[in-house]
Structure formats: C-alpha cells, structure tokens
Amino acid sequence: MKKLLLFLVCPFLLTPALAQQKKLTLEDVYHPEKRLSVEGAMSIGFRWLNDGEHYLQRTGRGTPLVKINALTGQRSPIVEADQMEAAFKKLPGLKEDEARNAARGSFTLSPDESGLFLYLKEDIFYYNFARRQARRLTNSPGLEKEADFSPDGKNVAFVRDNNLYVVDVEQGREKQLTKDGGPRLLNGILDWVYQEEVYGRGDYRAFWWSPDSTRLAFLQLDETGVPIFPVVAQTDLTPKLEQEFYPRPGEPNPKARLGVVSIRNGEHQWVTEPKYRAEDEILIVRVSWTPTSRAVVYQVQNREQTWLDLNSFEPARKASRTVLRETSKAWVDVIGVPIWLQDGSFLWQSARSGFSHIYHHAFDGKLLKAVTSGDWSVSNVYGADVASARVYFSAHRENAIDQHLYRVNLDGTELTRISDRNGSHSANFNKNFTLFSDTWSDVDTPQQALLYRAATMELIRPLAEARESVLKDYQLSPVEFMQVKTPDGFLLDASMIKPPDFDPSRKYPVLVYTYAGPQAPTVRNSWGGRTYLWHQFLAQRGYIIWEIDPRSSSARSAALAWPIHRNLGELELRDIEASLNWLRQQPYIDGSRIGIWGWSYGGFMAAYALTHSTSFKIGIAGAPVTDWRLYDSIYTERYMGLPNQNREGYEKSSVVKAAKNVHGRLLLLHGLIDDNVHLQNSVMLMYELQQAGKEFDVMFYPNSRHGVTIPTLVWHLRKLMTEFILKNL
C-alpha cells in the first residue's frame, strides 16, 4: 500500500525483505549459456475454443498445442500427431521428415475448429480433423503471405506477389481477386510504415473477411513516389542490400484506398468519399465489419492525424457515411474498432475528454452514454457480456503504475475492480465472458497466468505451473515507487533502487533510465525482465537506479502528452531535470555523478539530454533518433507536424544540430541493419561530434535491427555498457 510522506515524495515499497545471500553477476543476467531462467509461469499459445469450456495451450516452448478443459485441467490432443503425419505422408512430393514436422509444428486453427492450415515448403496445406485428410492448397513458386481462414472455415485468403487470392479448402481451387499488384502497388498487404505505425509492429495483413464469408475488404497501397531507403547487411562476402519503402516527414506517403471484393465472382467496389481533399493525404487506419456484414466500418485520418473519422460503407447501396469524428488539441490516437452490441449500437473508446474512456453510441453515431468517466484512463476494452449487460476492461484508475481489471454496467453504474493484487493485469475472456485468464506480474514477480470465473472472481487454477524463483537466493533491493513534485506542482512518477547495503551517510552516483515517448511509461509495477536484473546488478555495485516518466509519458491521460506537440524533447527534459533537482537535495546523492541511458525514443532522450543540459556526466544512447527529419512520416508528423510548417520545432529538437554543445561522455549504440531508426541517425551525429572536436564512444552491432537480440551480441553489448558506466560514472 502507499505510504504518504511529507513534502515532495510519497513512496511505497512493493518488494519483500532483502534476501541476504549472493549478489548477481553479469553472467547471471546476460550470458548466453549461464544466465538465470526468470521467465515466470506463462501460458504459451493460449486461445479459447468456441465452447468456452476448453482452450488451447502449449505445455512448454516448442511443444505441440493441447486442448485443455478449463475447469478440470484435463488434457487431450487437438490433433493426433501420428494420424496427421500419416495423412501428410500420402501427399506427393513430401519427405518423411517434412510430414513429421508438419504434424508437430505451428498451425492456424479454422474458426469452426474442423481443421487447420499450415505453411510447408513455402506453400499452404490443409488438414481436416474428421476425415484425417491432408490437402495441398497452393503449389506456386510465389510466396504466400498473411493467410487467413474465412469465418466459416471454407476458404483461405492470402497475398502472393502483392495480389489477393482465395482458395477453397475442400477442392483446392484457387481464385485471384486482384491482378494489378506489383512492386509499387500492394493489395491486401501493408508496407513497413503502415505496419509499424498504424496497424502494429509485425501485422502486415491488410484484408478483412466479412462475417458471412462472402466478401473481403482490403487496402491497396500505391507506393508511387515513396522514397526507398537502403539497408546493407555486410557480414557475408557478398553484401545483402535491402530496400524498403520509407517515407520521412514531408515526403510522399503511400496512397491508400479501400476496396471490397466478392469471393464468388471477383466483383470489386472502391470506397470513395468526396469530402476528403487531396491535401488531406488521408490515412486509412482501421478496418472492420458490422456483425451482419451489411457494412464495412473504416477509420480515416488526415496526414497530421489531428482528426479521425469513423465511417461506414454499405456495398449493397454503394453508400458511405461518417458516423462520428474525433478531434483533439494536438493529435488523435487510433485506439481500436467499434465493439458492436445486439441492438446495433456500439462501444467506442476515445480520449476526447483528455482521458481515455468508453462511450456508448447508437448506430447513427449519436452518443447515448459515457460508460466510464473521471480523471483516469481506460487501457483496453475486452468486450461486453450481453447476458449481464456488463463491460469488461483494464485501466489505470488507482494510480498510473498499476493496471487493474474492471467491469461496469452498460449504463455506467456499479464500476467494480475485479483484480486483486497490485501490479499489471491483462485478461483474455472466453466468448461468453464466463471465464477469463489473468496474466499478472509486479515489479518483483515474473508473469503468471491464472484462470478465473468472471461472475464471482473465483480462482480456478494456474494456467502454468509456477516454479520456485531462482531469485530468492539473490540479494535484491526493494524498488521504491514515489512521486516527485515539479515547480508547477505536478507529481511525476518515479522509482528508485538503492544499493542493498545502502548507507544514508554516503554519497551515491545515479543512473537515470527513461523512455520518455508520448504515453509510453517506464515506471510501472510490472516485471521488467533482464533490464530490471541489470539495474539490480548495478545497484549492487554502488549505483542508485532512478527511473522517471516525464508527465507526457504517463499512463494517466492523453492530455498530459499534448503539450509536447510540435516540440519533442524540451518539456520531457524539463521534467527529468526537475526530478534531478529533488535528487540533489537528498543527502545520499552525489549530484556530480548522474548518468542517463535509454533506447529508441529513450536513446533520443539520452542524446538530447547530453546536448541540451549540463546535468549529466555520462549518457548511453541506444538506436537514437538524432533528428526527427530522419524518422518515418506517420509517427513523426503525429507529434511534430510537417517540417515546412514547423521548421523551428524540428530545429530545436535536433540532437545533430546541437552536437557541439554535448556535455558529458556519450556512448552511441546502434544495430547496423536497423530498418526502423536507421543507422544514419548515429552516423550524422558522429560526424557533427567529430567536426566539433568532441570525444565520444561508439559501437555498432552487425545483423542487428532496432534491438540487439543475438545472445552473443547482447552479452557483448551489456558488458560494454557496464564497463562504460563503471569507468565513467
């Protein structure tokens, strides 16, 4: 529980008493072979089945999916591997080991749970459970991507060579639905910037089945004029060149349009909306269907994302209308799709008040009721239980660092917290909202997954066997969560890890860790993985670890982020420095030995701090954006606007432009094939530092993208970072 202290800070401890045993080594945390196993008790591959009484789950990493009775825990195979292997052996052109792997590898289950498809030999194969029959659905030199079952399980849609196809699973008859796809015209598949900044990292699928399985809505992206950025991998004798469409601020974006195609006859309809002007350069940011398949529901934003329209298109009437428009004082975030209720009304999540809440709208867009309200924010809406007229969601209601689960009546009454322990909770409900899995962690505890009854919150059982923590034998310090008051009276969320042998009469150096991106907090009561362990390792070496969220990064509200619009860096640094002013007032802080580190936006923040402040002795900037004109258009313009309309903002936020002002020792880190924040960011900063005669340290990592993930390179990276800190801070 929180413990209120006087004046500036209200800390509370969430860690058990210190274990007075051994200290962590760097090998314990990051060595490829010797590191500790701290994964927790997670449910792997969890998916509810249609009956709401069973679910699929892997018993371990790399093991087959099994069907589990939610109430009893009884297990049975979703498919008999030997029978499936025998069926695949009958197919021409497959070797025995290929058939064996097919029966024991990854697959996609059909919505009606009568069969599955899988990728094998760069083609799609289907297996029917009842008939124990395998079928090869495609046989083409072209690679099939983003395959997806129709809701009735009778067809599979996919993209090949940037065209959309469908194949029926019973006969294997393939039908090409678009024919104009090519290198610069993409049908049913997203480019890099759309998947990264609009639909979500790793999600390239850009087609959506109608619930009645008769049509597909799809995006077409025209990349004409979109610049191509080269990325070169150079660890082989012959360098490998990758070329990716990558628009930067002010450069041409892909032109998006929405189509609807019948899978019966291939008839196309293009969704047109005359009210959008050419200068809007619209983004199509979400697509879904009404439950009756009557209409495609799609969301549109202007290029700078200052408004969002929820639109509806009815293919039968060839008519489009705007259901509602969202605006804000800065930008509008894309939050989700409508959640439809039986009467045709829908639930809609919006930050229109400055706080993210749930609203009930009629089919025509009329507001019926604010289901939630207050000075707190909803995180995720899981859906509505029709039988009880209750809505289930997660939120940061009590504070910004804990995420709890809640339910509320559709009329906004009886708001109830249903999760117990403090920490971070996320839920996965069965379709009847009678049972759900709760994935929970806190700052001390790796993730655990438990199964509950929704109505009574009765714990049924764990979804994975909890192992005794290996960390019990280690001397870990408590994490102190606190709030620090800024000069204007705002309370910043922060946390501190002190050395386990902390002596208040001594002076300690401080390492600041932050991300600082808009509405992207790092100060959370959730498991921090190996970064948390590394921070504990450094605390055991005599450092105080200070995590701080500028107010714009807080999970409390969208409105707190809006003041940074068109001016990234300045206000975030002001809040970080306000927290340092409080730190320096503590008798145990050595104010002359403060360092900062971060990755991605956090790397930008570390580099920006060293070039716009004299508070830091060292900084570690991992994969930093060093000039926002170098990053992608959709993310950057959301927060900075267009360069030709905000020249001053881009100049002020540039680390490259301020390189001559660097104060403190800087370590630059970057993956050599980073296709997100390009290496050019670090190279341009390096050049300006050299031009200014500034000394700094740098390390690049081959075969590494935006994050360094190869275990041996992670080990090298963390050794380097540790040695840099021990030597210079």
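Other residues within the sphere of radius under 13 Å centred on the Cβ of residue 109, judged by their own Cβ, net out at -1 (K and R +1, D and E -1).
Assuming R0 = 22 Å, what is the FRET efficiency of residue 180 and residue 265, from their Cβ-Cβ distance, to the nearest 0.05?
The pair residue 180/residue 265 has a calculated efficiency of 0.80.
Each of 71, 410, 685, 720 was scored by other Cβ atoms within 10 Å of its Cβ. Listed from fewest to most, they are 71, 720, 410, 685. Note on residue 91 and residue 712: the model spin-label points, each 7 Å out from Cα along the C-beta direction, lie 3.6 nm apart.
Within the straight-line cut-off of under 17 Å between alpha carbons, the aspartates and glutamates reachable from residue 657 are 570, 627, 648, 688, 695, sequence neighbours fewer than 8 places apart in one chain being disregarded.
Helix 601-612 sits at what angle to the longest principal axis of the chain, using alpha carbons and giving 0 to 90 degrees rounded to 10? With rounding to tens, the tilt is 30 degrees. The alpha-carbon of residue 660 sits under 20 angstrom from the alpha-carbons of these lysines, leaving out residues fewer than 8 places away in its chain: 617, 652, 694.
Every helix of 4 or more DSSP H residues in the chain counts as -39500 (n - 2.57), and over all residues that averages to -4500 deg cm²/dmol at 222 nm.
Net charge near residue 150: determine it from the other residues with C-beta under 11 Å of the C-beta of residue 150, scoring Lys and Arg +1 and Asp and Glu -1.
Here the charged neighbours net out to -3.
Rounded to the nearest 0.05, the FRET efficiency derived from the C-beta distance between residue 51 and residue 456 at R0 = 25 Å is 0.80. Taking the C-alpha atoms only, the angle from helix 680-691 to the longest principal axis of the chain is near 20 degrees. Considering only DSSP beta bridges where both residues belong to the chain, give the percentage that are antiparallel (nearest 5). Around 85 percent antiparallel, to the nearest 5.
FRET efficiency for the pair residue 104 and residue 388, taken as 1/(1 + (r/R0)^6) with r the Cβ-Cβ distance and R0 = 56 Å, rounds to 0.85.
Close amide H partners of residue 36, meaning residues 5 or more places away or on another chain with modelled amide H under 5 Å apart, are 29.
The C-alpha atoms of the chain define a longest principal axis, and helix 711-728 lies at about 20 degrees to it. Cross-linked pairs 67/431; 95/154; 89/121; 154/318; 89/175; 175/255: Cα-Cα separations exceed 20 Å for 95/154; 154/318; 89/175; 175/255. Among 100, 317, sorting on how many other beta-carbon atoms sit within 10 Å of each Cβ, with the fewest leading, yields 317, 100. Evaluated with a Cβ-only charge set (Lys, Arg +1; Asp, Glu -1), the range 471-542 carries a dipole of roughly 140 debye about its Cα centre, given to the nearest 20. Extension gain for residue 592-residue 369 works out to 74.9 nm (0.36 nm per residue, less the C-alpha to C-alpha distance). Using only side-chain charges placed at the Cβ, +1 for Lys and Arg and -1 for Asp and Glu, the dipole size of the range 477-728 relative to its Cα centre rounds to 340 debye. In this structure, the amide hydrogen of residue 675, modeled 1.01 Å from its nitrogen in the peptide plane, lies closer than 5 angstrom to those of 706, counting only residues at least 5 positions away or on a different chain. Ranked for footprinting exposure by Cβ neighbours inside 10 Å, fewest first, 54, 396 give 54, 396. Full extension of the segment from residue 647 to residue 140, taken as 0.36 nm per residue of separation minus the current Cα-Cα distance, would add 177.5 nm.
Projected label points at residue 414 and residue 574, each 7 Å from Cα along the beta carbon direction, are separated by 4.6 nanometres.
Here the spin labels are modelled as points 7 Å beyond Cα on the Cα-Cβ line, and at residue 69 and residue 37 they lie 2.9 nm apart. If a paramagnetic tag sat 7 Å from the Cα of residue 272 along the Cα-Cβ line, which residues of the range 181-210 would have the backbone N under 14 Å from that point? Under cut-off, by backbone N: nothing.
Cross-link reach is defined here as a Cα-Cα straight distance under 17 Å, omitting same-chain residues fewer than 8 places apart; for residue 719 the aspartates and glutamates meeting it are 27, 28, 33, 697.
Placing unit charges on the Cβ atoms only, positive for Lys and Arg and negative for Asp and Glu, gives the chain a dipole magnitude near 520 debye about its Cα centre. Distant-in-sequence amide contacts of residue 397, defined by a placed amide H-H separation under 5 Å and a gap of 5 or more residues or a different chain, comprise 404.
Readers should treat all values here as calculations from the given coordinates under stated rules, not as data from a laboratory. The structure presented is a predicted model; accordingly, all values stated were derived computationally and were not measured. Heads up, the Cβs are rebuilt from the backbone with ideal geometry, glycines too, and the neighbour counts pull from every protein chain shown.
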